[in-house]
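> My questions will all concern the structure given below.
The values are calculated or read from the model by the stated rules, or taken from the named source; none is laboratory data. Not measured: the values here are computed from a predicted model. Note that we place each Cβ from the backbone using ideal geometry, even for glycine, and neighbour counts take in every protein chain shown.
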Amino acid sequence: TTTQVGIIGAGPAGLLLALLLQRKGIASAVLEQRSREDIEATIKAGVLEHPTAELLRQLGVGARMDREGFVHEGIELAFGGRRHRIDLPELTGGKTITVYPQHEVIKDLVAAVLAAGISIEFGVTAVSLHDVTSATPSIRYEKDGAAHELRCDFIGGCDGFHGPSRQAIPQALRQEHLKAYPCGWFGILCEAPPSSDELIYAQSERGFVLLSTRSQTVQRMYFQCDPNDHVDNWSDDRIWAEFQARLANGDGWQVKEGRIFQKGIIAMRSFICETLRHGRLFLAGDSAHIVPPTGAKGLNLAAGDVVLLSRAITTYYRQDSEAGLDAYATQALKRIWRGEHFSWWMTQMLHDFEGEDSITRRFRRAQLDYVVSSRAAAMSLAENYVGLPFEGIE
Ligand code: FAD
Ligand code: DHB
């Protein structure tokens with residue numbers, strides 16, 4: 001088969017790219033190694049930035065998000081036994097975030113992509129990229145034991161951190177940056193009412209905690225852990241004792257406990273592959289960059305990438321010009337580095353690490369005190385947290 005843009009990966013990046021291109025009359029086809037059921041059930045991120053929520057609405061896939069998602073007008077930073085509110089609309093000229101789980105976004109995007117007549121092949125294996133530096137690249141894959149080839153003008157490498165697209169760029173040509181953090185996040189889903197109306201990011205000497213939500217009856221919570229720990233080491237009782245100890249404060253407020261029905265450990269790293277283009281192959285989303293989850297930026301950076309990539313490809317077909325393609329990496333990297341820096345900044349401000357010197361701990365506290373007492377500092381946090389405009393960074 002033949003199409004204009006062959007897209008590898010049906011995550012947020014790949015599915016959004018397919019819809020953005022379709023709006024400009026550009027054909028694409030999506031290849032996904034997992035099943036539809038699997039991608040629609042995998043628990044990942046939960047926070048949509050203001051520009052991401054707007055993008056979903058513009059693409060006509062925002063209706064269920066607007067009905068079932070939760071608009072949040074603030075977050076709380078907890079430290080030193082107190083909680084401090086960051087008022088997002090007041091500090092950003094009216095902007096908010098939406099708590100709507102990634103797998104629900106995926107369900108809405110898959111339905112919209114299929115309804116638009118774009119093909120998604122689920123359950124493909126042995127995906128490989130060919131002739132990416134020629135004008136006629138192709139993607140080979142297997143499905144149900146048979147070999148297939150998708151010929152295209154461009155390849156959208158939207159296959160996440162472990163996918164084959166980045167590996168298709170020769171190592172010697174790849175400009176990469178990696179920082180691993182000496183901790184992970186232990187994430188749970190539990191049956192309990194919300195402990196707070198807003199997300200709480202809590203710093204303590206026992207380690208970081210994040211309280212997030214999914215509904216009036218299901219809560220999403222995380223605590224900083226050893227990245228090599230195993231979920232089987234943590235009974236429900238031990239998990240709740242750890243949350244209570246880290247969230248202990250002066251006013252008697254306590255986290256509400258309930259039956260835990262999902263547990264997992266997430267690695268924390270900052271990774272950027274600056275080589276976003278190799279011939280006709282373009283990387284977008286987690287295939288090119290990973291952030292630690294503290295800034296809630298992963299999915300949102302993927303959305304920003306594909307807005308720029310779809311524009312570059314559209315310019316190529318409409319104006320027969322490679323200028324947009326040439327500019328994609330430079331433009332996208334500005335927003336990527338901003339999100340990477342913010343994610344690192346939130347992470348180092350909110351996590352204590354073993355073996356740190358006393359001055360580092362005092363700097364952390366000075367930074368937290370400043371963020372909750374200076375309007376200028378709070379505005380900077382809020383502006384980044386609700387998300388900078390997709391075209392804002394020139
Ligand atoms: P992905 O969502 O990874 O999608 C890539 C797709 O490509 C996948 O469906 C994959 O199956 C497919 N694929 C891979 N290899 C192949 C292949 N060979 N052939 C075909 N298809 C392939 N971010 C936050 O902000 N907060 C969080 O709490 C958070 N939690 C996370 C938890 C986990 C376990 C993970 C993995 C990520 C988490 N993230 C979180 C990050 C966020 O979910 C990602 O940034 C976001 O999913 C990026 O979207 P993407 O489309 O680029 O990549
Ligand atoms: C969630 C995840 C994050 O990484 C974050 O910063 C905020 C919320 C969540 O899963 O709800």
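> Which residue is surrounded by the fewest Cβ atoms within 10 Å (Cβ to Cβ), if the candidates are limited to region 15-52 and must be polar (S, T, N, Q) and either under 18 Å from the mean Cα position of the chain (by Cα) or within 9 Å of ligand 1 (Cβ to nearest atom) (or both)?
That would be T42.
> Of the conditions (1) in contact with a Phe, Trp or Tyr (Cβ under 7 Å, 6 or more places away or on another chain); (2) away from ligand 1 (no atom under 11 Å from the Cβ), Y317 satisfies every one except a single condition; which number is it?
(1)
> Considering only residues that are among the charged types (D, E, K, R) and not in a helix (DSSP H, G or I), look in region 43-58 and name the one that is nearest to ligand 2 (Cβ to nearest atom).
Restricting to residues being among the charged types (D, E, K, R) and not in a helix (DSSP H, G or I), the top hit is K44.
> Specify which of the listed residues (E104, E68, E76) is surrounded by fewer than 19 Cβ atoms within 10 Å (Cβ to Cβ) and in contact with a Lys or Arg (Cβ under 6 Å, 6 or more places away or on another chain).
Of the residues listed, the single one that is surrounded by fewer than 19 Cβ atoms within 10 Å (Cβ to Cβ) and in contact with a Lys or Arg (Cβ under 6 Å, 6 or more places away or on another chain) is E76.
> Another one. Kindly indicate which of L211, L178, L189 is out of contact with any helix residue (DSSP H, G or I) (no Cβ under 7 Å at 6 or more places or on another chain), closer than 28 Å to A10 by Cβ and more than 12 Å from ligand 1 (Cβ to nearest atom).
Testing whether each residue is out of contact with any helix residue (DSSP H, G or I) (no Cβ under 7 Å at 6 or more places or on another chain), closer than 28 Å to A10 by Cβ and more than 12 Å from ligand 1 (Cβ to nearest atom) leaves just L178.
> I would also like to ask the following. Quick check on G81: is it modelled with pLDDT under 95, over 23 Å from the mean Cα position of the chain (by Cα) and either away from ligand 1 (no atom under 16 Å from the Cβ) or on the phi > 0 side of the Ramachandran plot (or both)?
When the stated conditions are applied, G81 passes them.
> Another question, then. May I ask you to verify whether A302 is over 30 Å from L199 (Cβ atoms) and either assigned to a helix (DSSP H, G or I) or touching a residue at least 40 places away in the same chain (Cβ under 8 Å) (or both)?
Criteria not met by A302.
> Within region 1-14, how many residues are closer than 30 Å to L88 by Cβ and surrounded by fewer than 22 Cβ atoms within 10 Å (Cβ to Cβ)?
Going through region 1-14 one residue at a time, the tally reaches 0.
> On the given criteria, is Y317 touching a strand residue (DSSP E or B) at 6+ places or on another chain (Cβ under 7 Å) and farther than 22 Å from F223 by Cα?
Here the answer is no, as Y317 does not meet what is asked.
> For D66, state whether it is free of Cβ contacts under 8 Å to residues at least 40 places away in the same chain, within 12 Å of ligand 1 (Cβ to nearest atom) and either in a helix (DSSP H, G or I) or in contact with a helix residue (DSSP H, G or I) (Cβ under 7 Å, 6 or more places away or on another chain) (or both).
It is false that D66 is free of Cβ contacts under 8 Å to residues at least 40 places away in the same chain, within 12 Å of ligand 1 (Cβ to nearest atom) and either in a helix (DSSP H, G or I) or in contact with a helix residue (DSSP H, G or I) (Cβ under 7 Å, 6 or more places away or on another chain) (or both).
> Could you grab the pairs with beta carbons closer than 6 Å, sequence gap of 6+ or different chains, first residue in region 200-225 and more than 9 Å from ligand 2 (Cβ to nearest atom), second one of a type in the set (D, E, K, R)?
What qualifies is I200/E76; S204/R246; E205/D352; R206/R246; V209/R246; F223/E242.
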